[in-house]
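Chemist: Got a structure here, written out as C-alpha cells. Questions coming.
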Amino acid sequence: DSMPKFLNATIKAMQVKENLNPEEMFQFFGGLKASGALLSDRFLHTTVMSLAAELGGGKAGSGINEFVKGIVAPTGEQAKELYRVGLMKKSDFKPPTQHGGFGKSFGHTSADALGEVKLGAHAIGWETAQTDPDIYVENVLIPALKQNGNTDLPSIIATVQKLFPANAANIVEKVYTQDPEYRRDAEQYRSAHGIESTKDYDKDAIAQVS
C-alpha cells in the first residue's frame, strides 16, 4: 500500500520539480537502506521530494540514512558531540577508563569526561527522527543548538557539520535554511495531479476516440 502512495506522490512532485524523475527516486531508496522503514508518509511525500530534487536521490537517501542512524544509535565521537549540545545524557555513557594506579590523583577524571556510549543509547527525541527527520530538526535539534549558544546561522552550520557526516549535515542544513520553500513545495505537491488523474483522462470522450 505504501509504494503506490509513494509513486503517486512522485508523479505529483515531478510536475513541480522538473529535474525529479523515477531514476532519482530509485537511487533515493538505494541510499536510504533500512533507516527508511519508519519514515512517515508526510515526510516521504513532501520533504523527501524537495531534498531529492535539490541534492539528487542518492545523496538525499544516504543523508537521511546517516542522520537517522546518528540520532537513533550514535557511536563514538558523534555521541559525545550530541552530549555537548544537550541531546544525550551522562547516563548514556559508561564510566571513563581511568589510568594510573598509584593514587586517586593519577586516576582523576573531570566531571564532563565520558566513557564509551552504552549499547542501545539514543539521542533525545530519537523516535521523532525515525519518522519525521525535518520535524526533529525544527523542534529538537535546532532549539538544542541555540540553547547551547549557537544562535547565528554560521555557528549552527558549523556545529551541525561536527555532529553529522557530510551527507547528513547537508540534509539538516537544507531542511533548516529552506523550510519556507519546502513548505511551499509541499502545498504544490498536494495540489498537483497524481495517478488518479489518468483515470479521469480515460473517462474523457476525447481520450476514448484517440
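The values are calculated or read from the model by the stated rules, or taken from the named source; none is laboratory data. Bear in mind that the values here come from a model prediction, so they are computed numbers and not experimental data. No Cβ is skipped: glycine too gets one built from the backbone with ideal geometry, and neighbour counts run over all protein chains shown. SASA here: full protein model, heavy atoms, side chains in, ligands and nucleic acids out. Shrake-Rupley method; radii C 1.70, N 1.55, O 1.52, S 1.80 Å.
Chemist: Which angle from 0 to 90°, rounded to the nearest 10, does the C-alpha axis of helix 179-191 make with the longest principal axis of the chain?
Modeler: 30 degrees
Chemist: Consider the candidate values [x] 1.08; [y] 1.01; [z] 1.14; state which one is Rg/Rh (Cα atoms, Kirkwood Rh) computed from the structure displayed.
Modeler: Read-out from the structure maps to [z].
Chemist: Set Lys and Arg Cβ to +1 and Asp and Glu Cβ to -1, take the dipole of the chain about its Cα centre, and tell me which of V68, P95, V16 lies farthest positive.
Modeler: The one lying farthest along the dipole's positive direction is P95.
Chemist: Hey, what's region 1-105 come to in accessible area per residue, 1.4 Å probe, Å²? Please list the in-between numbers first.
Modeler: Values: 5490 Å² over 105 residues.
It amounts to 52 Å² per residue over region 1-105.
Chemist: Loop-only check: which GluC sites (Glu not before Pro) in region 1-74 are DSSP coil with at most 15 other Cβ within 10 angstrom? Write down the numbers at each step before the final one.
Modeler: Details: sites: E18, E23, E24, E54, E66; in loops: E18.
Counting only loop positions with at most 15 other Cβ atoms within 10 Å, the GluC sites (Glu not before Pro) in region 1-74 are E18.
Chemist: Can you list residues from other chains, or at least 5 along the same chain, whose modelled amide H is less than 5 Å from the amide H of A113?
Modeler: Excluding prolines and chain starts, which carry no amide H, there are no hits.
Chemist: To continue, here is another question. Using a 10 Å cut-off on Cβ atoms, rank the peptides 139-147, 178-186 from the highest mean neighbour count down.
Modeler: Numbers: 139-147: 17.3, 178-186: 14.9.
Highest mean packing first, the order is 139-147, 178-186.
Chemist: As I understand it, the value is the acute angle between the Cα axis of helix 166-177 and the longest principal axis of the Cα atoms of the chain; what does it come to in degrees, rounded to 10?
Modeler: 70 degrees
Chemist: Can you give the extra length, in nm with one decimal, that the chain gains between F29 and A158 once fully stretched, where that is 0.36 nm per residue apart less the Cα-Cα distance?
Modeler: Numbers: separation 129, 0.36 × 129 = 46.44 nm, distance 2.82 nm.
Residue separation times 0.36 nm, minus the Cα-Cα distance, leaves 43.6 nm.
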